[in-house]
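See structure below.
The values are calculated or read from the model by the stated rules, or taken from the named source; none is laboratory data. The shown structure was predicted, so the numbers you read here are calculated from the model rather than taken from an experiment. Here Cβ is always computed from backbone atoms with ideal geometry, including for glycine, and neighbour counts include all displayed protein chains. Areas reflect the complete protein model, heavy atoms only, side chains present, ligands, DNA and RNA absent. Shrake-Rupley method; radii C 1.70, N 1.55, O 1.52, S 1.80 Å.
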Amino acid sequence: MDKTTLRRQFKAARSAFKPAERRHAARASLRLALRHGLLLRSQRIGFYLPQGGEFDAHLLLNQALCMQRECYLPILPRRGRVMRFGRVGRNTRMQPNRYGIPEPLDAKPLRARQLDLLLMPLVGFDKQGYRLGMGGGYYDATLAFMRHRRLWRKPRLIGIAYECQQAETLPHDPWDMPLDAVLTERQLHRFISNLP
């Protein structure tokens, strides 16, 4: 199937979750993240604010803040597709971007290469670790520098999704960067051996 058809199917599957099921899934994923120590080994962690049925990462963000980690959210560029990441805390001032998604007001946002861990939303994922996004190309452009690295990968890339968003295989392009892992409400799917 083509990416457009797959996106429609995966979006329908995740939209079928009722609010109580979403809250239960978010709590289950937090327990798994803590059990696997995902937030322990990283000081600078990139998060996202869920939109349009995406898996809610608020509990993970709040936990990381409680653990005194530096937490960041994407900031869209005025031109191009390479995002920066602004630091957030309990009282951070936010403003909506052109899509209506809140972004932190940070005078000195970080580049993705300065993060230790990046938690990413997705529409679908496969058993090889490839991610199907919304199709805007922002994460592809932001992480393009990683394609040139052979031995050292930073940040580690972890997708967050519902288990029903997994496929056997997805179409992918040469510029697609495979994930290190995907965290769902049921398990941590590991794909690349450098994830502890």
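Once the Kirkwood radius over Cα pairs is known for the range 70-162, the Stokes-Einstein relation at 4 °C and 1.567 mPa s delivers a diffusion coefficient of 91 µm²/s.
On the range 72-168, 48 percent of the accessible area sits on carbon and sulfur atoms, based on a 1.4 Å probe. For the peptides 4-12, 50-58, 158-166, residues were scored by their other Cβ atoms within 10 Å and the scores averaged per peptide; the highest-first order is 158-166, 50-58, 4-12. Spin-label model, ILE101/ALA13: points 7 Å from Cα along the beta carbon direction are separated by 2.1 nm. In the range 58-196, a dipole from Cβ-located charges (positive for Lys and Arg, negative for Asp and Glu) runs towards its positive end, and of HIS172, GLY136, PRO102 it is PRO102 whose Cα lies farthest in that direction.
Taken about its Cα centre, the chain carries a charge dipole of roughly 540 debye when the Cβ of each Lys and Arg holds +1 and the Cβ of each Asp and Glu holds -1. The magnitude of the dipole of the range 18-75, with charges of +1 and -1 set on the Cβ of Lys/Arg and Asp/Glu and taken from the Cα centre, is near 220 debye. Using only side-chain charges placed at the Cβ, +1 for Lys and Arg and -1 for Asp and Glu, the dipole size of the range 1-114 relative to its Cα centre rounds to 240 debye.
Say the cut-off is 28 Å between C-alpha atoms; which of LYS18/LYS154; LYS11/LYS108; LYS127/LYS154; LYS18/LYS108 go over it?
LYS18/LYS154; LYS11/LYS108; LYS18/LYS108
Net charge in the neighbourhood of ASP2 (other residues with Cβ under 13 Å of its Cβ; Lys, Arg +1, Asp, Glu -1) is +2. Each of ARG111 and ARG35 was given a label point 7 Å from its Cα along the Cα-to-Cβ line. The distance between the two points is 3.8 nm.
The modelled label-to-label distance for the pair CYS66/ASP2, using points 7 Å beyond Cα in the direction of Cβ, is 4.6 nm. Per residue, the convex hull around the alpha carbon atoms of the chain comes to 122 Å³. Amide H to amide H distances under 5 Å link VAL88 with CYS71, TYR72, LEU73, where only residues 5 or more positions off or on other chains count and H is placed in the peptide plane. Neighbours of ARG84 by Cβ distance under 12 Å: Lys/Arg scored +1, Asp/Glu scored -1, total +4. Overall size of the range 50-111 from C-alpha positions, given as principal axis extents largest first: 34, 30, 19 Å.
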